[in-house]
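Note sheet for the following structure.
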Amino acid sequence: TAPLLVIGSHDNALRLWKLSSDNSSATCVATLAFHSEAVVSVAFHPTLLLLATGSFDKTVRLWKLSSNNSSATCVATLKGHWDCIFSVAFHPTAPLLATGSDDKTVRLWLLSCDNSSATCVATLEGHSSCVSSVAFHPTAPLLATGSGDNTVRLWLLSCDNSSATC
């Protein structure tokens, strides 16, 4: 709900922009350079001051935004994929993050109570090419994943969000 925009870049950085009150312009308020390769995916948490970024460096980083939306601090680096991270998405209500990779898998990460770390609770396999997009359904327990194999898969999340079935 904040008037923010974040942009990942091939210079390994992400830039946080604050939008003007009429959304006609934006001012860069922070440049964050913690990834070692290009940042190709970003997602704001729908309700928390939290941001996730995916990179060619095979990591996902969690960032806590400042209360005045003028900076962000990296609080965790998530490792597990063995190739580029092309997509990241937060669940709309559960403490869950999905990541899609060039390693042909999707990982589900359970956020800690203070949102300063995450644990991989499931690795979803089935695509035969890179997973380029992940998106949670806004109300149903579903995750959609898009792939370079020209398929979209719908995954039914378990009640505790620790697994999913295609």
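The values are calculated or read from the model by the stated rules, or taken from the named source; none is laboratory data. Predicted, not measured: the structure shown is a model, and the values here were computed from it. So basically every Cβ, Gly included, is an ideal-geometry build from the backbone, and we count neighbours across all protein chains shown. In case anyone asks, the SASA skips ligands and DNA or RNA and just uses the protein heavy atoms, side chains included. Shrake-Rupley method; radii C 1.70, N 1.55, O 1.52, S 1.80 Å.
Points worth noting:
- If you check Ser70, Ser87 for being assigned to a loop (DSSP other than H, G, I, E, B), in contact with a strand residue (DSSP E or B) (Cβ under 6 Å, 6 or more places away or on another chain) and among the hydroxyl-bearing types (Ser, Thr, Tyr), only one passes: Ser70.
- Val134 vs. criteria open to solvent by 30 Å² or more (accessible area, probe 1.4 Å), touching a residue at least 40 places away in the same chain (Cβ under 8 Å) and in a strand (DSSP E or B): no
- When Pro92 is tested against (1) surrounded by 20 or more Cβ atoms within 10 Å (Cβ to Cβ); (2) under 17 Å from Asn115 (Cα atoms); (3) touching a Phe, Trp or Tyr at 6+ places or on another chain (Cβ under 8 Å), only condition (1) is not met.
- Of all residues in the stretch 3-11, at least one satisfies being closer than 24 Å to Ala94 by Cα and either surrounded by 17 or more Cβ atoms within 10 Å (Cβ to Cβ) or within 12 Å of the chain's Cα centre (by Cα) (or both).
- Condition met for Thr27 (among the β-branched types (Val, Ile, Thr), more than 14 Å from the chain's Cα centre (by Cα) and open to solvent by 40 Å² or more (accessible area, probe 1.4 Å)): yes
- Taking the criterion of being farther than 30 Å from Ser20 by Cα, open to solvent by less than 40 Å² (accessible area, probe 1.4 Å) and over 13 Å from the mean Cα position of the chain (by Cα), the residues of the stretch 33-80 that qualify are Asp57, Gly80.
- Residue pairs meeting the criteria (Cβ under 7 Å; at least 6 apart or on separate chains; first over 19 Å from Ala94 (Cα atoms), in the stretch 44-65; second of a type outside the set (A, V, I, L, M, F, W, C) and surrounded by fewer than 20 Cβ atoms within 10 Å (Cβ to Cβ)): Ser55/Glu37; Phe56/Glu37; Asp57/Ser36; Asp57/Glu37; Lys58/Asp83; Thr59/Thr77; Thr59/Lys79
- Residue match in the stretch 141-148 (condition: exposed (fewer than 15 other Cβ atoms within 10 Å of the Cβ), touching a strand residue (DSSP E or B) at 6+ places or on another chain (Cβ under 9 Å) and under 15 Å from Ala89 (Cα atoms)): yes
- Tallying residues that are part of a loop (DSSP other than H, G, I, E, B) and free of Cβ contacts under 8 Å to residues at least 60 places away in the same chain within the stretch 1-21 yields 8.
- The set of residues from the stretch 149-166 being crowded, with 17+ Cβ neighbours inside 10 Å and among the small types (Gly, Ala, Ser) comprises just one member, Ala164.
- Glu125 meets the conditions (1) surrounded by fewer than 16 Cβ atoms within 10 Å (Cβ to Cβ); (2) more than 23 Å from Thr59 (Cβ to Cβ) in every case but one. The failed one is (2).
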